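Rule-based calculations on the coordinates, nothing more; no lab input. If you're wondering where the values come from, they're calculated on a predicted model, not measured in any experiment. FYI the Cβ positions are ideal-geometry reconstructions off the backbone, even for glycines, and counts take in every protein chain you see.
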Amino acid sequence: MYICICNAITDKQIRKAAKAGAVDLWGLQAELGVATGCGSCKEAASEILAEYRKRPVPQPTLYSPAAVA
């Protein structure tokens, strides 16, 4: 769904930017240009970013060799 009509930015692009490391609206603005036109999407973009940031960070699976029988 389009979040920023001025710059044709979708919610998927915002989530991808969050996954890549954007942590605040300034990061989204720098990477995507979201909320740099009329600004009406600022709140929606911030909510999507906050929603993404609340997700648990996946932990790596540690390798443990099988027991030798």
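Give the long-range amide H neighbours of I3: residues separated by 5 or more places, or on another chain, with amide H under 5 Å away, using H modelled in the peptide plane at 1.01 Å from N.
Hits under the 5 Å cutoff: I9, T10, D11.
May I ask you to give the average projected area over all directions of the convex hull of the Cα atoms of region 2-53, in nm² rounded to one decimal?
Averaging across all directions leaves 2.8 nm² for the Cα convex hull.
Need the full-extension length gain, K19 to A44, defined as separation in residues times 0.36 nm minus the C-alpha distance. One decimal, nm.
7.3 nm
From the backbone phi of region 45-50, what are the Karplus-calculated ³J(HN,Hα) couplings (6.51 cos²θ - 1.76 cosθ + 1.60, θ = phi - 60°) in whole Hz, Gly and Pro given as x?
Result, ordered by residue: 5, 5, 5, 5, 5, 5 Hz.
Fewest first, what order do T10, T61 take by the number of other Cβ atoms within 10 Å?
Listing T10, T61 from fewest to most nearby Cβ atoms yields T61, T10.
Most exposed first by the Cβ proxy, i.e. fewest other Cβ within 10 Å, how do L25, L49 rank?
In order of increasing Cβ crowding within 10 Å: L25, L49.
In degrees, nearest 10, range 0 to 90: what is the angle between the Cα axis of helix 11-20 and the longest Cα principal axis of the chain?
Rounded to the nearest ten degrees, it is 50.
With charges only on Cβ, +1 for K and R and -1 for D and E, what is the dipole size of region 2-53 about its Cα centre, in debye, rounded to 20?
It works out to roughly 180 debye.
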